[in-house]
Amino acid sequence: MAVIGKIRKHSGLAVILVGVAIAAFVLSDFFRAGPGGQMKNVGVVEGEEISYTDFNYKVEDNMESQKANNNGEPLNAGQQFTVRQNTWDQFVNELLMNKEFEKLGIAVTSDELFDQVQGENPHRLIKQYFVNPETQQYDRTFVIRYLQNLNQLPVDQKRQWITFEQFIKRDRLNTKYNNLISKAFYVPEAFAKMQYENQKKNAELLIGYKKFVDVPDSLVSSKEKDFQKYYDENGYKFEQEKSKDIDYVIFDVTPSEKDFQKTEQDVKRLYEEFKRTENIAYFVNAVSDTRYDSIWWDDGTLPIAFDTAFTGAEIGAMVPPYFEDNAWHMAKLVDIQNRPDSAKAEHILIAYSGALRAAENITRTKEDAQQIADSLYNVIRRNPAKLAQLAKDFSDDGSVQQNNGDLGWFPDGNMVHAFNDVAINGRKGDVKLIETPFGYLSANFIRA
């Protein structure tokens, strides 16, 4: 399984890192709505619109997962079509079933999800993938060891684990729903008793009959009204659903030479805007098929075209557009820093309703979460030694049961941006309160 990758080792040496904003383009007008570049919705389910942006993000995630399952091999056109179709079915299923789950009060708590991953009787896929190679049996220690090192894995493997965890949660919801439906069938005691009595009764029958084919036609006289009567009484037996006969043709959409020329003109125009823009992140997210990535890159880790151009270059250096792997690429050097390649930190996560990956049983508001985090921050600022116990008592991070809030060493760029920035740029012993998409990281004892 792709998510169970080899854990990378990182040295403690400071390295010179290059921050690069990369704009990778595969431009087309297929999903453009017109002037202003507004994206169309791909569909509407039960009155809820599915935007192209949300759909495309999900498709990209599923493409990456499928690619990982193919040992990194690129997907062919047929596989890509299947992934898109399955993604659409996934959206429809989730939108319809989420309403049913909410109506019936079906949910998966964080404790329940923890039990599905690390409990004594975990989800079937956990048992399948975390197997001791020597005994060929499921080994719980492999799960715990993997999760303890999760923050040290590459970003793509962490994203695959999140997708895997979401699947387990969704499967658990479906299992609960199916169990509820199956248990809803009730047989009254009187009917059950009658069925039991009928099953005990025995009867002997002697039946004699003569086949119609053995009766000579000359002995049977039928009139038109007999046929009409039979038709009127038995016509319902021959009713059929309406059917349609459809002929269709599939045209492979491939760009023409004119399309390539038009795309190249658009790329050159965007390149001129790219050189002038001051808000790099906004520009990249607006026009690129690859979202802006703020992580820092070490020498030798960038694509060869970028690495060669930026070695010894000054801030603001550009890589002009070039075509490779069916996409246009361009880049701009936005900063150069001498940074540590890793940091170590302890934390307490206080999530709130609506935060990224927040458990369904978390109902506190964002304001309440901030107040709790602020109180914990003040306590730990005065006595950092209390963090481990407070993490076990208050943290909403599922890994707290194993690590008491200690994240261990993690490489630069592997954490959410706000937290990563404090960890890398802070001083040893700093205590911070940080807001992230996951909630408030209260009283972070940074040991950089």
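Every number here is computed from the coordinates shown, using simple stated rules; none is lab data. Just so it is clear, the model here is predicted, and its values are computed rather than measured. Backbone-built Cβ (ideal geometry, glycine too); neighbour counts: all protein chains shown.
In table form, for the structure just shown:
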{"item": "Debye log10 I(q)/I(0) at q = 0.24 Å⁻¹ for the stretch 233-280, Cα point scatterers", "result": "-0.94"}
{"item": "Alpha-carbon Debye profile of the stretch 212-326, log10 I(q)/I(0) at 0.13 Å⁻¹", "result": "-0.80"}
{"item": "Values of log10 I(q)/I(0), in the order q = 0.11 Å⁻¹, for the stretch 342-447 under a Debye, Cα-only, solvent-free model", "result": "-0.29"}
{"item": "Kirkwood-Stokes translational diffusion coefficient of the chain, alpha-carbon pairs, 10 °C, 1.306 mPa s, µm²/s", "result": "57"}
{"item": "Cβ-based net charge around D299, under 13 Å, with every Lys or Arg adding one and every Asp or Glu removing one", "result": "-2"}
{"item": "Relative contact order computed over the chain (Cα-Cα under 8 Å; 6+ residues apart), in percent", "result": "23"}
{"item": "Local net charge near F438, Cβ-Cβ under 11 Å (Lys/Arg +1, Asp/Glu -1)", "result": "-2"}
{"item": "GNM top mover of F323, F238, F164 - the chain, alpha-carbon springs below 10 Å", "result": "F238"}
{"item": "The stretch 309-347: GluC sites (Glu not before Pro) falling in loop per DSSP and having at most 12 other Cβ within 10 Å", "result": "E314"}
{"item": "Ordering of 422-431, 369-378 by packing [mean C-beta count within 10 Å, highest first]", "result": "369-378, 422-431"}
{"item": "Net charge contributed by nearby residues that have their C-beta within less than 12 Å of A391 (K/R +1, D/E -1)", "result": "-3"}
